[in-house]
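Participant: Sharing a structure with you now.
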Amino acid sequence: MVNKVKSRSAGRKLKLQMQITVDGFVCGPNGELDWMEWNWSDDIKKYVGDLTESVDTILLGRKMTDGFITHWSNVLNNPTDPEYYAAKKFIDYPKVVFTRTLDKHSWINTTLAKGDLTDEVNKLKEQSGKDIIVYGGAGFVSSLVRENLIDEYLFFINPAAIGNGLSIFKNLNGTMKMKLVECIPFDCGIVLNKYII
């Protein structure tokens, strides 16, 4: 059975920005990220900075949210940190956390989405504003992939293979066809492959 592509609205797009290995994993079997290239070159920093400017809302799964917000809040406390400007964006942007278990939270600029995943995402896409971005984690992104809710896949392929790990495509209901629209090798060894559905 092949997934049928759902019609795309003219509204906001949902973009996935994700680090990935050359063998298609987004983390090791236990969430390991030691394969990632952390020494980014200026060209990839500029690309990711421009990508961040193209969005104004962040989607997160519950498991990733605390670490994401805590990390960027800590960076924001140090104005001399080279990532200070990015941290300000990430903390200031509205964040929507998809959860079935939380009823309240203490995260800044964050709302909870507890309804049907497709309905909640489509409501966000219909709102005015810039595009929407999702960073993870793997389980949440897998659900978005399975429901065909992502419009642009931006895979930052790291020069590493790990042989085993978590994939965001393991629960597909058939084949998902994608179109490669951009491929950029960066000086640090990471290659961007951008796909649309």
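Participant: Can you find a residue that is under 17 Å from TYR135 (Cβ atoms), of a type in the set (Asp, Glu) and part of a loop (DSSP other than H, G, I, E, B) anywhere in the stretch 102-109?
Facilitator: no
Participant: When you go through (1) in a strand (DSSP E or B); (2) free of Cβ contacts under 8 Å to residues at least 60 places away in the same chain one by one for TYR135, which number turns out not to apply?
Facilitator: With (1) in a strand (DSSP E or B); (2) free of Cβ contacts under 8 Å to residues at least 60 places away in the same chain applied to TYR135, the lone miss is (2).
Participant: Related question: Test each condition in (1) under 29 Å from ASN39 (Cβ atoms); (2) in contact with a Lys or Arg (Cβ under 6 Å, 6 or more places away or on another chain) for ALA87 and report the one that comes out false.
Facilitator: Against the list (1) under 29 Å from ASN39 (Cβ atoms); (2) in contact with a Lys or Arg (Cβ under 6 Å, 6 or more places away or on another chain), ALA87 comes up short only on (2).
Participant: I would also like to ask the following. Taking only pairs six or more apart or across chains, which ones have beta-carbon atoms under 9 Å, a first residue in the stretch 185-197 that is under 20 Å from ARG146 (Cβ atoms), and a second residue that is among the aromatic types (Phe, Trp, Tyr) and at pLDDT 95 or above?
Facilitator: Pairs that qualify, where the first residue is under 20 Å from ARG146 (Cβ atoms) and the partner is among the aromatic types (Phe, Trp, Tyr) and at pLDDT 95 or above, are TYR195/TYR153; TYR195/PHE155; ILE196/TYR153; ILE197/TYR153.
Participant: Give LEU192, LEU149 a once-over and let me know the one that is crowded, with 17+ Cβ neighbours inside 10 Å, at pLDDT 95 or above and either basic (Lys, Arg) or assigned to a loop (DSSP other than H, G, I, E, B) (or both).
Facilitator: Criteria check complete, one pass: LEU149.
Participant: Please tell me if TRP38 is without any contact (Cβ under 8 Å) to a residue 40 or more places away in the chain, of a type in the set (Phe, Trp, Tyr), over 17 Å from LYS15 (Cα atoms) and assigned to a loop (DSSP other than H, G, I, E, B). Give the steps one after another, and end with the answer.
Facilitator: On the way: without any contact (Cβ under 8 Å) to a residue 40 or more places away in the chain: yes; of a type in the set (Phe, Trp, Tyr): yes; over 17 Å from LYS15 (Cα atoms): yes; assigned to a loop (DSSP other than H, G, I, E, B): yes.
The answer is yes for TRP38.
Participant: Of the numbered conditions (1) more than 15 Å from the chain's Cα centre (by Cα); (2) assigned to a helix (DSSP H, G or I), ASN30 fails exactly one; give the number of that condition.
Facilitator: It fails just one condition, (2).
Participant: Only one of these conditions is not met by PHE98: (1) under 23 Å from ASP56 (Cβ atoms); (2) surrounded by fewer than 19 Cβ atoms within 10 Å (Cβ to Cβ); (3) in contact with a Gly (Cβ under 9 Å, 6 or more places away or on another chain). Which number is it?
Facilitator: (2)
Participant: Against the conditions (1) within 21 Å of ILE184 (Cα to Cα); (2) of a type in the set (Val, Ile, Thr); (3) more than 14 Å from the chain's Cα centre (by Cα), where does ILE20 fall short? Just the number, please.
Facilitator: Among (1) within 21 Å of ILE184 (Cα to Cα); (2) of a type in the set (Val, Ile, Thr); (3) more than 14 Å from the chain's Cα centre (by Cα), the lone unmet condition for ILE20 is (3).
Participant: Determine, yes or no, whether PHE186 is buried (at least 17 other Cβ atoms within 10 Å of the Cβ) and among the aromatic types (Phe, Trp, Tyr).
Facilitator: Numbers: buried (at least 17 other Cβ atoms within 10 Å of the Cβ): yes; among the aromatic types (Phe, Trp, Tyr): yes.
It is true that PHE186 is buried (at least 17 other Cβ atoms within 10 Å of the Cβ) and among the aromatic types (Phe, Trp, Tyr).
Participant: Can I ask one more? Could you check THR118 against (1) loosely packed, with under 14 Cβ neighbours inside 10 Å; (2) among the polar types (S, T, N, Q); (3) out of contact with any strand residue (DSSP E or B) (no Cβ under 8 Å at 6 or more places or on another chain) and say which number it fails?
Facilitator: (1)
Participant: Could I ask something else about it? If a residue must be assigned to a helix (DSSP H, G or I) and polar (S, T, N, Q), how many such residues does the stretch 41-67 contain? Full working, then the answer.
Facilitator: Narrowing the stretch 41-67 to residues assigned to a helix (DSSP H, G or I): 42-53, 62-67.
Now drop any that are not polar (S, T, N, Q), which leaves 52, 65.
Within the stretch 41-67, residues that are assigned to a helix (DSSP H, G or I) and polar (S, T, N, Q) number 2.
Participant: Scan the stretch 14-26 for residues that are part of a strand (DSSP E or B) and over 23 Å from ILE132 (Cα atoms) and jot them down. Can you show your working first?
Facilitator: Of all residues in the stretch 14-26, those part of a strand (DSSP E or B) come to 14-21.
Passing the criteria: only THR21.
The values are calculated or read from the model by the stated rules, or taken from the named source; none is laboratory data. Just so it is clear, the model here is predicted, and its values are computed rather than measured. Neighbour counts run over all protein chains shown; Cβ positions are idealised from the backbone, glycine included.
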